[in-house]
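Here is the structure we will look at, set down as structure tokens.
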Amino acid sequence: MPFLEKLDVLEEGILKYNAALLNILLKDRTTEKNIIWATSDYSYLGERFAPTDQILPSVITGRHSKVIQPRSAKALEKQILRTREKAEVFTPSWICNAQNNLIDDEWFGHSGSFNTELSNSWTVNPKKISFPKDKRRDWKNYVDARRLEIACGEAPYLVSRYDTVTAEIIDLPSRIGLLDRKLRVVNENASDEKEWLKWAFRAFESIYGFEYQGDNLLIARENLLYTFIDNLRYVLKRDPTINELQKIATIISWNLWQMDGTTYRPPLYALQRQGYQASIFDSYEETEMKILCLESTPCKIKDWRTKEIVQYYSLIKGYK
């Protein structure tokens, strides 16, 4: 399994190992097509790289195998441009940890369950995580508790394989993402392989995130896939099977989806319908485009407990 041997993610390796796996990671469950670029950053590469073009395996492998890079690997000029034009700002892991701790402090009823915060860092609680005596707050309830990262970028609040700002690799026991914490709980409590797999899958089913730009979304999905691989190897001392990888990739492709957070629809729908291929920053009538966007199908997500497909906007309180 050569593509599993390194922490860096290369689509070329995923494709060569199992083409179906990469296709799943590129799937848009709302449009039933692939996710789109939704950025003009790659337009200089020519055809098939316009904002409304789908991201296909053929355009991110082969001679374009390294075209998609994490933010930390992008040139500083490109980082500044994306911050200015798209408000793209990635959060250091120590801040993600502090904010995730606030969620867990509320859930557990005390602080320091997973780690102790330091200045720009943290120390891990080495002891097995203890749970309240309340039967509604046992380890299984914690794993099932739903969590959402909005405008998730590379999903640093969900998984922390590396610091998205410094690119520093974070060892598995020290990771601080919301999913990382759930998997730690599964690792500590599952009694055998069958139970571990059941609750590891449920952990992935309980976390969600949406992102506008296709490159970020693909990286986020890959980070979740690799997080599954890292934990399975850590606990079960083996590589995942193809079936296991495809199952977890399917969950990821539903739970991390591409969406314009102002319309609750897929990005650039109006431009896609008009066959628009130029820069998304070209002038157009914003009001007209907004109306066209609202005519598109709202983004769909899956409730894994009920097996129902729901429209995300229906979950927003007060939205009509």
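Using only Cα atoms, locate the centre of the stretch 194-266 and the centre of the stretch 17-65, then give the distance between them in Å, rounded to an integer. Between the Cα centre of the stretch 194-266 and that of the stretch 17-65, the gap is 18 Å.
Averaging the sequence gap over all C-alpha pairs within less than 8 Å and six or more residues apart, then dividing by the number of residues, gives the stretch 112-162 a relative contact order of 18 percent. Note that the stretch 162-179 has calculated 3J(HN,Hα) couplings of 8, 7, 5, 9, 9, 6, 5, 6, 10, 4, 3, x, 9, 6, 10, x, 4, 6 Hz, one per residue in order, obtained from phi through the Karplus relation 6.51 cos²θ - 1.76 cosθ + 1.60 (θ = phi - 60°); glycine and proline are x. Residue by residue, the stretch 131-147 carries 3J(HN,Hα) couplings of 10, x, 6, 4, 5, 7, 10, 8, 5, 6, 4, 5, 4, 7, 4, 6, 9 Hz when phi is fed to the Karplus relation 6.51 cos²θ - 1.76 cosθ + 1.60 (θ = phi - 60°); x denotes Gly or Pro. In terms of distances greater than 24 angstrom between alpha carbons, the cross-link table entries LYS16/LYS247; LYS140/LYS194; LYS16/LYS194 yield LYS16/LYS194. Our estimate of slack between LYS128 and ALA98, defined as 0.36 nm per intervening residue step minus the Cα-Cα distance, is 8.8 nm.
Using the per-residue mean of other Cβ atoms lying within 10 Å as a proxy for protection, in what order, highest first, do the peptides 232-240, 140-148 fall?
Ranking the peptides 232-240, 140-148 by packing returns 140-148, 232-240.
Phi angles across the stretch 119-127 convert, under the Karplus curve 6.51 cos²θ - 1.76 cosθ + 1.60 with θ = phi - 60°, into 3J(HN,Hα) values of 5, 6, 6, 6, 10, 7, 6, x, 7 Hz, Gly and Pro given as x. Look at the alpha carbon pairs under 8 Å that are at least 6 residues apart: their mean separation over the length of the stretch 102-244 gives a relative contact order of 23 percent. Rolling a 1.4 Å probe over the protein chains gives GLU168 an accessible area of about 120 Å². Measuring only protein heavy atoms, the 1.4 Å probe finds LYS33 accessible over about 120 Å².
The values are calculated or read from the model by the stated rules, or taken from the named source; none is laboratory data. In this text, all values refer to a predicted model and were calculated from it rather than measured experimentally. Heads up, the Cβs are rebuilt from the backbone with ideal geometry, glycines too, and the neighbour counts pull from every protein chain shown. To get the accessible areas, we keep the full protein, side chains included, count just its heavy atoms, and leave off ligands, DNA and RNA. Shrake-Rupley method; radii C 1.70, N 1.55, O 1.52, S 1.80 Å.
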